[in-house]
Amino acid sequence: MSNADKVLHALRTWGRQPAGELVARLGISRATLMRAVQALGPQVVSLGQARRTAYAARRPVRMQGEPLPVYRIDESGQPHEVARLAPLHPAGCALDWREPCPWPLDPQMAEGWFDGLPYLLDDARPQGFLGRHFARHHAVLLQVPTDPTQWSDDDVLHALSLVGTDLPGCYVVGEPALRAWLERSQQPPAVITDEAWPDAFSRHVAVALSDGDPGSSAGGEFPKFTALRESGGVRRHVLVKFAGADGSPTSQRWSDLLVCESLASRVLADHLGIPVATSRLHQAAGRTYLEVERFDRHGAQGRSPVCTWAALNAGLFGLPSPGWLAGAQALTARGWLSAPTQEAIARVWQFGRLIGNTDMHGGNLAFRPGLQLAPIYDMLPMRYAPARAAEVVTSAFVPPLPLPTEREAWREALPAAQAFWALAAEDGRISDDFRRVCADNVALLAPLAA
């Protein structure tokens, strides 16, 4: 066996190896290693400088052995290549950076080494209501399971590189996906005007409930679709959640919760000064719609980077209970999050608890580059969501009390929560039954304020 074959076999077996360790384990000189690496050419990835140089064996995905270009679309709609991604033996990836990464990186990531998919691509994994439709629509073409939770990292890369044209954030992986995006960008977009929205939304609902929107993989379990809206001469990309139109208690409760989400956003902005995703509520033909502007989209084609706490935790921490407060503390301890941002997250978290939001998972807290807090979204009293058996929840709400370290943020959030419940109790778009629940919660919070 030649030295080149020995090096390749070792890297495929052992995975990524620093140059010094590889020389010692194989019993060869550095000069011999360099000649072997040169002979192996593109089969080996080399990253790092001087004594930090490390090597890994490139692994093909679906018979594709070439590195995948990773692009970002800027706010003006122009694509830029940010890195080249190469899957590695036996697992993991290498990113050969073409421009600085806007997200926190540990030392190995800064040099381009990742144990799995780069975490900045985690939010692009198909997930939630639209993600399941995305997977079912493309499963036969891509030869992947219809359930995206069963996808391997290779399945995700394969899918993104071929059909991942409309992912959350700004990234597009692979030349075929970028070419498809460029082709789409030259076509006249389907725009929904204020005059046309009732019929257009109804058509989108029919598609979402049958096949879903195969071009989007935005997360979240609420039934939804994406669209380009025009209002007052301005075009905005939106995500539209909708409730059923059958008049059942379950559909009515989902309608109530959409109204509550709209009210919670208004209260967060007005009472706590928190940035929120701009939204508008519509009702037509017995159905309620919440139209939420996408803060990762700009104009017709522009995009901007966004990263959730779920992705940051998976890539940098691996906390087993990744709540928002624990996440903010972990990011602050590393020097990546400012104290004012940590305090804002604490206020939002306490507000969410005081309005009965039981769904503040890591995917519902997002950041912009520099770990600036992105607009808050999906803030609503999910403890009242219908159960899977369609039973409408009416059990009494017990307002949570703070730990001593949480008291200041809780005190700041309490008046905002009171304002939210009071608004909901008086909003005629909410059913009488749920308005009574909201009024009861106003009464429950009053002694705490006193």
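Okay, here's what the table says:
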| quantity | calculated |
| --- | --- |
| The range 42-52, residues that are free of Cβ contacts under 8 Å to residues at least 12 places away in the same chain and either of a type in the set (Val, Ile, Thr) or on the phi > 0 side of the Ramachandran plot (or both) | Ala50 |
| Filtered residues of the range 94-122 (kept if more than 22 Å from Gly363 (Cβ to Cβ) and part of a strand (DSSP E or B)) | Ala94, Leu95, Asp96, Trp97, Trp113 |
| Some residue of the range 313-323 being among the hydroxyl-bearing types (Ser, Thr, Tyr), in contact with a His (Cβ under 8 Å, 6 or more places away or on another chain) and either part of a loop (DSSP other than H, G, I, E, B) or surrounded by fewer than 21 Cβ atoms within 10 Å (Cβ to Cβ) (or both) | no |
| Pair list, Cβ under 7 Å, 6 or more apart: the range 398-424 residue under 10 Å from Gln350 (Cβ atoms), other residue of a type in the set (D, E, K, R) | Pro400/Arg353; Ala409/Glu343; Ala409/Arg347; Glu412/Arg347; Ala413/Arg347 |
| Odd one out for Ala54, checked against (1) under 25 Å from Gln143 (Cβ atoms); (2) buried (at least 20 other Cβ atoms within 10 Å of the Cβ); (3) in contact with a Pro (Cβ under 7 Å, 6 or more places away or on another chain) | (1) |
| Index of the failed condition, Asp246 passing every other in (1) over 20 Å from Ser202 (Cβ atoms); (2) surrounded by fewer than 16 Cβ atoms within 10 Å (Cβ to Cβ); (3) among the charged types (D, E, K, R) | (1) |
| Residue selected from the range 14-41 under the condition touching a residue at least 24 places away in the same chain (Cβ under 8 Å) and either of a type in the set (D, E, K, R) or surrounded by fewer than 13 Cβ atoms within 10 Å (Cβ to Cβ) (or both), by the criterion nearest to Phe114 (Cα to Cα) | Arg16 |
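To keep it simple, each residue is scored yes or no on (1) aliphatic (A, V, I, L, M); (2) modelled with pLDDT of 95 or more.
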{"position": "Cys170", "(1), (2)": "no, yes"}
{"position": "Gln186", "(1), (2)": "no, no"}
{"position": "Asp194", "(1), (2)": "no, no"}
{"position": "Pro198", "(1), (2)": "no, no"}
{"position": "Val207", "(1), (2)": "yes, no"}
{"position": "Phe225", "(1), (2)": "no, no"}
{"position": "Gly247", "(1), (2)": "no, no"}
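The values are calculated or read from the model by the stated rules, or taken from the named source; none is laboratory data. Please read these numbers as outputs of a predicted model, since none were measured by experiment. Here the Cβ is made from the backbone with ideal geometry for all residues, glycine too, and neighbour counts use every protein chain on show.
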